[in-house]
Amino acid sequence: MSKIVIIGAGAMGTAFAFPCADNNHDTNIVGTHLENDFIDTVLQNKRLHVGLNTSIPATINLIKYENFDLILNSNVDLIVLGISSKGIEWVAEQLSRVYKGKKLPNLLMLTKGLSIYKNNYELLVDKLQRLLSEKGIKDVSISAVGGPCLATGLANKVHSSVVVANKDISIAKKIAGMLNTNYYHTSYSDDLNGVEVSAAIKNIFSMAVGAAKGLCSNNVSEEIREKNYLNTASALIKQSIQEMEIFVEHLKGRKETVKGLAGLGDLYVSSGGGRNSKMGSYIGAGMTFSEAKKKKMEKVTVEGADLAIEIGKKVNQEFDKKKLPLMLSMINAIINDKKLELDWQYFN
């Protein structure tokens, strides 16, 4: 039995606790400083997590932020980061404070992200490592989990498959073994870059696949589009995988990773009706990004659009539409706030 502490009481962090507890680990969810009231509500409501519409088993300990230091100083084997990408600076500050002068346990990130730092691409795992290093914590092992695993499905223990990645394959294998259950199926990889890049950029391609219905033809009725857009969706998925392979290799990952859970698997789930796919459907129907955001998804975070805005300039500098016709069409429709037009002649 290992001691696992999950930082963040949101849907994914909480759902992740289920296979941990089912492996008989000492499983603890500690909320951030913003989640005290939420944890109180969960505990007062028979441990019902409203984001999952599922009750949290008594085998999972729920801990408020006031006991953050206490739980992290109690011989922890694995720290799981279930916070949003915007919380990375905060969690780096907390970890560096608690573990100053001490060995930091293995870290496992559930959150994905890609940004630009000093005109270079920076994965979220690399950003965390940089922030910790700047605060004096140099000896850090960060793993990531990728693949098609929606929080509500995991909490309801439906069969789900994921890949755990670490540059040290032995650590990835160890963590994968800690988490595997009869419903949460874990594999492992040393292609951390490939898994993380795939997981991030699939959100852009999910928007593109989501646009299939609107893009399938300009000369047919809505009824015909509704019944016959799958040909177009298939073409967009094939092109997405090809361009993801190019981009993953560009960021020093392995292209074969794209055809696994973190790439193709995650793209399938995300393009089937998530937030990115929904935004894509509006853009495919002829709306601009700003119009769709304001009228349809004003209060919804669309990760693919945020990523397009973050990396769009650099992707345009490094690639042309002959190399990445789908990715650039999607990115430029968002950053230039124009209607989506695909350069089909450059599809391979």
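The values are calculated or read from the model by the stated rules, or taken from the named source; none is laboratory data. In this text the structure is predicted, and so the values were computed from the model without any measurement. Quick reminder, even Gly has a Cβ in these numbers, built from the backbone with ideal geometry, and neighbours come from all protein chains shown. For accessibility, only protein heavy atoms count, side chains too; no ligands or nucleic acids. Shrake-Rupley method; radii C 1.70, N 1.55, O 1.52, S 1.80 Å.
Say whether the condition of being open to solvent by 30 Å² or more (accessible area, probe 1.4 Å) and under 21 Å from the mean Cα position of the chain (by Cα) is met by at least one residue in the range 97-111. There is at least one residue in the range 97-111 that is open to solvent by 30 Å² or more (accessible area, probe 1.4 Å) and under 21 Å from the mean Cα position of the chain (by Cα). Can you find a residue that is touching a residue at least 40 places away in the same chain (Cβ under 8 Å), within 23 Å of Ser189 (Cβ to Cβ), hydrophobic (A, V, I, L, M, F, W, C) and open to solvent by 30 Å² or more (accessible area, probe 1.4 Å) anywhere in the range 284-305? No: zero hits. Of Glu243, Glu256, all but one fail to be out of contact with any Ser or Thr (no Cβ under 8 Å at 6 or more places or on another chain), open to solvent by 30 Å² or more (accessible area, probe 1.4 Å) and either in a helix (DSSP H, G or I) or of a type in the set (Asp, Glu) (or both); the exception is Glu256. Of all residue pairs spaced 6 or more apart or on separate chains, those with beta-carbon atoms under 6 Å, a first member in the range 52-66 that is outside any helix (DSSP H, G or I) and a second member that is open to solvent by 30 Å² or more (accessible area, probe 1.4 Å) are Leu52/Ala11; Leu52/Thr152; Ser55/Arg47; Ser55/Leu48; Ile56/Arg47; Lys64/Asn36. Confirm whether Ile171 is touching a strand residue (DSSP E or B) at 6+ places or on another chain (Cβ under 7 Å), closer than 17 Å to His25 by Cβ, modelled with pLDDT of 95 or more and of a type in the set (A, V, I, L, M, F, W, C). The answer is yes for Ile171. Step by step: first the residues of the range 134-168, then only those that are surrounded by 18 or more Cβ atoms within 10 Å (Cβ to Cβ) and assigned to a helix (DSSP H, G or I), then the one that is modelled with the lowest pLDDT. Which residue is that? Applying the filter and picking the extreme gives Ala151. Restricting the range 1-22 to residues that are in contact with a Gly (Cβ under 9 Å, 6 or more places away or on another chain) and open to solvent by 10 Å² or more (accessible area, probe 1.4 Å), the residue that is nearest to His185 (Cα to Cα) is Met12. Of all residues in the range 320-348, those satisfying the criterion of being open to solvent by less than 90 Å² (accessible area, probe 1.4 Å), part of a helix (DSSP H, G or I) and either in contact with a His (Cβ under 8 Å, 6 or more places away or on another chain) or of a type in the set (A, V, I, L, M, F, W, C) (or both) are Leu326, Met327, Leu328, Met330, Ile331, Ala333, Ile334, Ile335. Filtered by the rule that a residue be at pLDDT 95 or above and surrounded by fewer than 18 Cβ atoms within 10 Å (Cβ to Cβ), the range 77-88 gives a lone residue, Asp77.
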